[in-house]
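*Asks:* After the structure tokens below, expect a handful of questions from me.
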Amino acid sequence: MTNSIYLDTNVLIALFEGKGSSHDGLWKLVSLAVGDTTAVFHTSALSFTELLTKPYRDRNHVLARQYLLLARSEDWLSVWPVTPGVIELTAVIRARFRLKLPDAIHVATAATSRCQYLVTSDLGITDLMGLAHPITDESIEASIKVIRPDPISLAELTRTLS
């Protein structure tokens, strides 16, 4: 069975710019996608707006190029566009959970890409188990478990997926 895991922007920053045990745990997690179908990783195109801002501000050509290559790579990370469907689901999520716009876009994209897990350090984002549209009461199918990028949680998720 292939597991779908959504990576929030803060996790991608930790993966490419971080150090320490969380950084190592993230690399072990994403290594599950290399040469195997155990895990598929997803993020939103929004992530690259967030990722590129600081390297552009600091004129860090090396880091900016690394993120641009990641955005264009399909080796292990699927980048999802912010579609009209994602925008509507974002509004539903913001209405229900009062998340900031970027956080709600990440959750909506994770739901749209049918991810079982969302790895994020944003404490305002919590598990999502079903949702109803506030106007139509239509059920929105979504079941996402939030994983914090601490060494213990990452090791547990990696073990579960292996």
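The values are calculated or read from the model by the stated rules, or taken from the named source; none is laboratory data. Owing to the predicted nature of the structure, the values given are computational and were not obtained by experimental measurement. Note that each Cβ is placed from the backbone with ideal geometry, even for glycine, and that neighbours are counted across all protein chains shown. Protein only, heavy atoms only, side chains kept; ligands, DNA and RNA dropped before computing areas. Shrake-Rupley method; radii C 1.70, N 1.55, O 1.52, S 1.80 Å.
*Asks:* Of the residues that sit in the range 146-162 and are in contact with a helix residue (DSSP H, G or I) (Cβ under 7 Å, 6 or more places away or on another chain) and open to solvent by less than 30 Å² (accessible area, probe 1.4 Å), which one is nearest to Thr90 (Cα to Cα)?
*Replies:* Restricting to residues being in contact with a helix residue (DSSP H, G or I) (Cβ under 7 Å, 6 or more places away or on another chain) and open to solvent by less than 30 Å² (accessible area, probe 1.4 Å), the top hit is Ile147.
*Asks:* Within the range 84-149, which strands (runs of 3 or more DSSP E) (wholly inside it) include 3 or more residues that are over 25 Å from Ser22 (Cα atoms)?
*Replies:* 128-132, 139-147
*Asks:* Can you tell which of Ser139, Ser143 is polar (S, T, N, Q), out of contact with any Ser or Thr (no Cβ under 7 Å at 6 or more places or on another chain), modelled with pLDDT under 95 and open to solvent by less than 80 Å² (accessible area, probe 1.4 Å)?
*Replies:* Numbers: Ser139 fails: open to solvent by less than 80 Å² (accessible area, probe 1.4 Å).
Just one listed residue meets the conditions, Ser143.
*Asks:* Okay, next question. Within the range 41-66, how many residues turn out to be more than 15 Å from Val119 (Cα to Cα), part of a helix (DSSP H, G or I) and either polar (S, T, N, Q) or open to solvent by 60 Å² or more (accessible area, probe 1.4 Å) (or both)?
*Replies:* Number satisfying all stated conditions: 11.
*Asks:* Next question. From the residues in the range 1-40 that are in a strand (DSSP E or B) and open to solvent by 10 Å² or more (accessible area, probe 1.4 Å), which one is farthest from Leu52 (Cα to Cα)?
*Replies:* Among them, the one singled out is Asn3.
*Asks:* Name the residues in the range 79-92 that are over 14 Å from Leu46 (Cβ atoms) and open to solvent by less than 70 Å² (accessible area, probe 1.4 Å), would you?
*Replies:* Answer for the range 79-92, where residues must be over 14 Å from Leu46 (Cβ atoms) and open to solvent by less than 70 Å² (accessible area, probe 1.4 Å): Gly85, Ala91, Val92.
*Asks:* Please find, within the range 121-136, the residue that is farthest from the chain's Cα centre (by Cα) out of those that are of a type in the set (A, V, I, L, M) and either surrounded by 12 or more Cβ atoms within 10 Å (Cβ to Cβ) or over 25 Å from Asn10 (Cα atoms) (or both).
*Replies:* The qualifying residue farthest from the chain's Cα centre (by Cα) is Ile135.
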